[in-house]
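Below is one structure; the comments refer to it alone.
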Amino acid sequence: MNETEFFPTSPLEHSLLKAKRDASSMGEFFTELVRSNVFVLADQAASPQSGFDSSINLCVLKNKSGSSVVPAFTAREMATPWHERQPQFRYGILVDAASLINGLESGVGLVLNPGQPVGVEIPSELINRLQQQLSSR
């Protein structure tokens with residue numbers, strides 16, 4: 001699948017596709033991102049009743065420059081191929097993107113829809129700025 005064959009199914013995917021086609025739309029994309037839920041890969045299932053469970057480990061990848069990034073997905077189907085590549089992280093958890101961003105450690109970025117034609121890497125420096133904006137709300 002390439003970008004022209006991608007059919008967005010959510011407001012987040014619509015804003016991501018728009019931002020990929022027109023960089024001036026990145027601000028709109030970030031606004032939509034922090035309003036949205038995303039799927040992350042984890043080493044165990046999360047219980048909806050338990051809230052945050054510090055024993056759950058999220059999948060962390062290294063990008064081409066060797067920096068750590070947490071993969072997140074706009075839809076469960078986008079994460080499916082990663083279950084085969086990272087079998088120890090076979091559980092998909094739906095999380096609030098703003099909470100995910102706020103919980104990322106310093107120096108860790110986010111990669112949305114890795115390996116897909118419509119995805120984006122958000123470097124740790126930009127994650128830090130988003131965290132500051134979220135904390136000032």
Probe 1.4 Å, all protein chains present, accessible-area order of SER106, SER67, largest first: SER106, SER67
Probe 1.4 Å, protein heavy atoms only - accessible area per residue of the stretch 51-137 in square angstrom: 56 Å²
Accessible-area composition of the chain, carbon plus sulfur, in percent [1.4 Å probe]: 50 percent
Accessible area, probe 1.4 Å, largest first, for residues MET26, MET78: MET26, MET78
Solvent-accessible surface ranking, highest first, for PHE39, PHE73 at 1.4 angstrom: PHE39, PHE73
Long-range HN-HN contacts of VAL111 with modeled amide H, under 5 Å: VAL70, ALA72, ILE122
Cut-off under 5 Å, modelled amide H: who pairs with ASN37 long-range: ALA97
Vicinal HN-Hα couplings computed from phi for the stretch 10-25 (Karplus, 6.51 cos²θ - 1.76 cosθ + 1.60; Hz; Gly/Pro x): 9, x, 5, 5, 4, 5, 5, 4, 4, 5, 5, 7, 8, 4, 5, 8
With all protein chains modelled, accessible area of THR9 [1.4 Å, Å²]: 110 Å²
Among 90-99, 57-66, the order from most to least packed when residues are scored by Cβ within 10 Å on average: 90-99, 57-66
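The values are calculated or read from the model by the stated rules, or taken from the named source; none is laboratory data. Fair warning: this is a prediction, and the values are worked out from it, not measured in the lab. So basically every Cβ, Gly included, is an ideal-geometry build from the backbone, and we count neighbours across all protein chains shown. These accessible areas exclude ligands, DNA and RNA; they are computed on the full protein's heavy atoms, side chains included. Shrake-Rupley method; radii C 1.70, N 1.55, O 1.52, S 1.80 Å.
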